[in-house]
Amino acid sequence: MKHEKKFSIEKQQAKWGFAFTIPCLLFFAVFSFYPIISAFITSLTNRDAIKRTWDFIGLDNYVYLFTQSNGGFSLINSLKATGIFTIGTFIPMVVVSLILAVMIMQLRKPGQSKMFELAFYTPAVLSSVVAATIWMILFQPTGLFNQLSNFVMRSSGRDFQWLTNDNMLRISTIIVYFWKYIGYFTILFITGLASIPPTIYEAAIVDGSSRWHTFWKITLPLLKPTIMLVSIMAMLQCLKTFSTQYMFVQGGTAREPIDVITMNIYYTGVVNRRLGRSSAMSIILFVIMLFFTFLQFKTQKGDEDVEY
Amino acid sequence: MKKALVLLLCLVMTLTSVFAQGASEPKADEPITLEFWTHEDSARQVLEERYIEEFKQLHPNVTVNVTRQSAEKLRELIQTAFASGEGPSFFNLPIENEFQYIEAGRVAPADYKTLGFKDAKDLLANYQDGMIDAVYYDGDVYGLPLELTNWSIFLNKKVFRDAGLDPEKDYPKTWEEMKEVSKKIVIRDGDIITRRGFDFRYSYELTYFIPMVEQLGGSLSEKDGCVNKEAWVKALTFMKEWGPQGENLGNPTLTAARKLFNKDNNDIAMCNTGLYQEARILSDNAAFYNSGEWMVVPYPVFEDAVKDVAGCYYGHFYMVNADKPKAEQQMAWELIKYFLLTEGHAEEYLTQVGLIQPTKALMEGATYAAQPYSEVFKNDFARSHIVYYGKGATEIQSAINSAIKQVMLQGTDPSVAYDALQKNVLEILAD
Amino acid sequence: MNNNKFVGKVGVGEVITYIVLILVLIFTILPLVFMVTAAFMDAKQIMSMPYTWIPSKKYFTSESRTFFTNFQKAILGNHGEKIFFTNLLNSLVVALTCSITTVLMASLCGYGLAKFNFKGKTLVFMLIMSTMMIPFEAIMIPLYLVASKFKLINTIPGLIIPFLVSAFGVFQMRQYLLTFPSEYLDAARVDGLGEFKIYYKIVLPNSTPVIATLGILSFRNQWDNLLWPLLCSQAEKMKTVPLYISKFAEEKQTDEGALMACALLASIPMFILFFSLSKYFLGGAAVYESRKG
């Protein structure tokens, strides 16, 4: 404690700053780091949920996952399913929600924009269980969505196989997700758009640029940080998707086409007892997500200082 | 930077060591709390709640906490609990999920003295020959059966007549007839099915599908996986023809047939389920139950069957957690005994819940005989065997389920589907 | 789009905007309308083709009372225990507690990260951020182990404690507070206010918009949580609403009408919250505007 006298105000403050972060650090240590370290250790074993003993088997689980079929539900298939779902969801979601946000911002009556915002956002407040329950009924061959599809396609009595056909099933899960989160992402973009100083637009209008031109040359570049942030959030969320697929499979659909990694982790570990193998899958998912986040940080580095 | 890292590491280490310590054992003379985990069944709940109340009067020091879950959640929950070294005092699961607990030594052998038997042999003698062999392991019995259930075919006579069929004469005896009858009953709007003749009980393939394979000469074995490709392909082909890629008579994504059956809404004619369905029809739709417009017929066979096999029977057994203190284990057996072995309880389980305990006394008694269509179930019992409960049962079931969905929904060639299935099953078994 | 320059104020562009917005509106609202209408029908009408939208009058007569039986079934469950309200209360308690603790802990941590310089700050930040990448499924079983050692299984604290704070919350608070004018803080220090006092007298009150948004977000996340309660709450009376529904959905006598009634009932608290606090739900914009102001 001899140094105490030397403590400048900054050092005092540094202490306070660190102290403020301690509750959270402690929390994450117990409820995130400890479990993930424990999961990593488990991934090196052949641990079974019920058996009393297990052995360390090195990287065998990882080798197995990349070479074997895991009883018909291979990791490779899961990576594919997750990839299809993620790309099929987050790109349209980002594009459409951006367009919707721009459209809503252009409405001149605040009452109208408020109404659209509310309506688009409402599905997001439902719980995923409720959402999946509703859509499972809508997607039945006799359900409303199939009727609407017949109406739109001007056909009659056609079963669009929303839940039975492989690709349709994938699309169905994407639709549910899209429906639930489109409003949420639209609002995020509206936030971003609202933060662009109106003076910039005014200047553009004085310059006589068209709306399209303004959007393309001014709005979009200024919105880039928001777009990056929203994209990465949407992507990470899609990579972690679970409940829609889980509820669908519980409802009797095929598992393979929509066997996303999280679901495979759940089935392998919790249902099929193979804790070691399922932990290895968890670690792989963790690494994938870390990689994408890292990539995002890298590409965003240059933009970080942009603030308005 | 380093400091923070060191601190964090220290934290993680301390926590690890804290969690590594086991829970302390409660003393034997203290009041006993029994954790009882079981699956949802409203009729049984009413009955067992009464038993528990009565039991508590006899043993005032005992508290019983009951946890009820849907069958599927229960299996997952119990596994997770056992994985973390916790778990209920006693529980029940279907034997194909429960056998692994015996193998892994996680459940205790029966407390014969408490249950009122001399030994394992004496206990086994109380039951129909061979019917509870699944829980007889290394010279001990590890569970007491709550129910042994097989599935026959429930049939709605009104729907049959509505389709111009005579239920008494035209009910399907073979799978081929099942298809023909269903074709006559099914109503569609375009491709969309609005009324089905029959539909399978998907995701219980070990119970309904394996017997179909066996009828054709195939089998599922712990050693060789899916034996006899020809038989498997034939059975898979039948499923393919059943689904939307074939005759479009049903598929796994539609509402489960047995759920629709009770409502009598003219949307399903037949379903595959057990004797307990009778109690459920009565509680859901007493008018339909009393109308006598339903009946039960035997499990069909293929026309060119080489073996007469009915749907497998499965069992739910009450088992006791071997990790619990001795006093708690003993009290758990005491309660199980009160549930199952008390005079008249087996009959109540049968009449009020529709559950069959395979005791000699019950199955040869008057109460069983008086239960509607019990004869059909009894005959089907005689030509069936217990469900596969060996290695990887759960995983093999999902693999078969997946193969069936492939041929039915995606139109995969049955032979290709079989090859993939066999590869997966062998891989599961080799693990 | 080429002719955009020539388009007047109420031109093609605007018409297209409205058409697109209204189509999306229909897409988002239709399933909700379906849920509400189907809650008053019996299974047969719900699955009849074409869907009729308006519940048949006969459901409201005193004999059939389908509208009533649907909700009755939804509330009573299948055993008539009225456990629904207990479960609803659990959900509310868990979600509310989590949103309060998230706000408190995240703002404290976010403040520490945004406005102080200390060794290892970047590391602390990165560590916390990295937890966002941990899928819950990955740590589910170790977490169960922790919870069962602390005797938290089947308790309300067990449902709450693993979600006391979220990394995203810390991130959001930090981002917001980065732009918080440091002059205020320095002025307060000159006035002799202690660091902790500064936090709750100046930082907290001045962060209301972001606090509200964050609080609501974590409320919603907990309201929606399925996987952890699935493992952690085993006793009926400890369950939460999503568990109640998923169990109800699997039950034998459940028909679509009762299921939709159940879904509707379960959503009502969120709807009330949403429509009364919509400013904060849609609050991103408000956050930035208030900062500018």
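The values are calculated or read from the model by the stated rules, or taken from the named source; none is laboratory data. Since the structure is predicted, the reported quantities are computational estimates derived from the model, not experimental observations. When we count neighbours, we look across all protein chains shown, and the Cβ atoms used for this are built from the backbone with ideal geometry, even at glycine.
Worth a mention:
- Of all the criteria given as (1) within 12 Å of another protein chain (Cβ to nearest Cβ); (2) outside any loop (DSSP other than H, G, I, E, B), the one not satisfied by B:TYR418 is (1).
- Scan of the stretch B:43-90 for residues that are in contact with a strand residue (DSSP E or B) (Cβ under 8 Å, 6 or more places away or on another chain) and on the phi > 0 side of the Ramachandran plot, ordered by number: B:GLY87
- Qualifying residue in the stretch B:385-393 (condition: part of a helix (DSSP H, G or I), in contact (Cβ under 8 Å) with a residue 40 or more places away in the chain, closer than 30 Å to A:ALA254 by Cβ and not assigned by TED's automatic domain parsing to the domain that holds B:SER42): yes
- Against the numbered list (1) at pLDDT 85 or above; (2) part of a helix (DSSP H, G or I), A:ILE218 comes up short only at (1).
- For the stretch C:37-56, a residue qualifies if it is more than 7 Å from every other protein chain (Cβ to nearest Cβ) and surrounded by fewer than 15 Cβ atoms within 10 Å (Cβ to Cβ), and the qualifying residues are C:SER48, C:THR52, C:TRP53, C:ILE54.
- Any hit, the stretch A:126-137, residues being at pLDDT 85 or above, among the aromatic types (Phe, Trp, Tyr) and not in a helix (DSSP H, G or I): no
- Helices (runs of 4 or more DSSP H) contained in the stretch A:1-90 and holding at least 3 residues among the acidic types (Asp, Glu) and at pLDDT 95 or above: none
- If you go through the stretch B:397-431 and keep only what is surrounded by 21 or more Cβ atoms within 10 Å (Cβ to Cβ) and farther than 28 Å from B:ASN248 by Cβ, you end up with B:VAL425, B:ILE428.
- Test: A:ILE99 is closer than 28 Å to A:MET228 by Cβ, more than 7 Å from every other protein chain (Cβ to nearest Cβ) and more than 16 Å from the chain's Cα centre (by Cα): yes
So that you can scan it fast, the table gives a plain yes or no per residue for (1) exposed (fewer than 14 other Cβ atoms within 10 Å of the Cβ); (2) within 14 Å of chain C (Cβ to nearest Cβ); (3) closer than 27 Å to A:THR241 by Cα; (4) not polar (S, T, N, Q):
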position: A:PHE31; (1), (2), (3), (4): no, yes, yes, yes
position: A:TYR34; (1), (2), (3), (4): no, yes, yes, yes
position: A:PHE40; (1), (2), (3), (4): no, yes, yes, yes
position: A:THR45; (1), (2), (3), (4): no, yes, yes, no
position: A:LYS80; (1), (2), (3), (4): no, no, yes, yes
position: A:GLY83; (1), (2), (3), (4): no, no, yes, yes
position: A:ILE91; (1), (2), (3), (4): no, no, yes, yes
position: A:ILE104; (1), (2), (3), (4): no, yes, no, yes
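- Residues of the stretch B:51-71 that turn out to be surrounded by 14 or more Cβ atoms within 10 Å (Cβ to Cβ) and without any contact (Cβ under 8 Å) to a residue 40 or more places away in the chain, as a count: 8
- Lone unmet requirement of (1) without any contact (Cβ under 8 Å) to a residue 24 or more places away in the chain; (2) over 17 Å from B:GLY274 (Cβ atoms); (3) more than 14 Å from chain A (Cβ to nearest Cβ) for B:SER402: (3)
- Screening the stretch B:127-244 for strands (runs of 3 or more DSSP E) wholly inside it with 3 or more residues that are over 30 Å from B:VAL320 (Cβ atoms) and touching a Lys or Arg at 6+ places or on another chain (Cβ under 9 Å) returns the ranges B:192-198.
- Count of residues meeting criterion [buried (at least 24 other Cβ atoms within 10 Å of the Cβ) and outside any helix (DSSP H, G or I)] in the stretch A:242-252: 0
- Residues considered: B:ASN251, B:ASN321. Of these, the only one that is over 27 Å from B:PRO88 (Cβ atoms), buried (at least 22 other Cβ atoms within 10 Å of the Cβ) and within 14 Å of chain A (Cβ to nearest Cβ) is B:ASN251.
Results for (1) in the same structural domain as B:GLU347 (by TED's automatic domain parsing); (2) under 18 Å from B:ALA257 (Cβ atoms); (3) within 28 Å of the chain's Cα centre (by Cα), shown as yes or no for each residue.
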site: B:GLY139; (1), (2), (3): yes, no, yes
site: B:ASN156; (1), (2), (3): no, yes, yes
site: B:PHE160; (1), (2), (3): no, yes, no
site: B:GLY164; (1), (2), (3): no, no, no
site: B:GLU168; (1), (2), (3): no, no, no
site: B:TYR171; (1), (2), (3): no, yes, yes
site: B:THR174; (1), (2), (3): no, no, yes
site: B:LYS179; (1), (2), (3): no, yes, yes
site: B:LYS183; (1), (2), (3): no, yes, no
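- Selection from the stretch C:17-36 of residues that are of a type outside the set (Phe, Trp, Tyr) and at the interface with chain A (Cβ under 7 Å from one of its Cβ atoms): C:THR17, C:VAL20, C:LEU21, C:VAL24, C:LEU25, C:THR28, C:ILE29, C:PRO31, C:LEU32, C:MET35
Here is a yes/no grid of residues against (1) at pLDDT 90 or above; (2) farther than 29 Å from C:ILE202 by Cα:
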position	(1), (2)
C:ILE29	yes, yes
C:ALA39	no, yes
C:PHE67	no, yes
C:LYS73	no, yes
C:LEU76	no, yes
C:VAL94	yes, no
C:LEU113	yes, no
C:MET132	no, no
C:PRO142	no, yes
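- Checked against (1) over 20 Å from the mean Cα position of the chain (by Cα); (2) facing another protein chain (nearest Cβ under 8 Å); (3) small (Gly, Ala, Ser), C:GLY257 passes all but a single condition, namely (2).
Here's the yes/no breakdown for (1) over 20 Å from C:LEU259 (Cα atoms); (2) within 8 Å of another protein chain (Cβ to nearest Cβ):
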site	(1), (2)
A:ALA119	yes, yes
A:LEU126	no, yes
A:PHE139	no, no
A:PHE160	yes, no
A:LEU163	no, yes
A:LEU169	yes, no
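- If the condition is being in contact with a helix residue (DSSP H, G or I) (Cβ under 6 Å, 6 or more places away or on another chain) and of a type in the set (Ser, Thr, Tyr), then the stretch B:171-206 contributes only B:SER203.
- Any hit, the stretch A:53-76, residues being without any contact (Cβ under 8 Å) to a residue 12 or more places away in the chain and touching an Asp or Glu at 6+ places or on another chain (Cβ under 8 Å): yes
- Highlighted here are the helices (runs of 4 or more DSSP H) found entirely within the stretch C:110-176 that include at least 3 residues which are more than 7 Å from chain A (Cβ to nearest Cβ) and free of Cβ contacts under 8 Å to residues at least 60 places away in the same chain: C:121-130, C:136-149.
- The lone exception for B:PRO109 - which of (1) assigned to a loop (DSSP other than H, G, I, E, B); (2) within 14 Å of chain A (Cβ to nearest Cβ) it fails: (2)
- For the stretch A:263-308, filtered to residues that are touching a Leu at 6+ places or on another chain (Cβ under 9 Å) and among the aromatic types (Phe, Trp, Tyr), the residue that is modelled with the highest pLDDT is A:TYR266.
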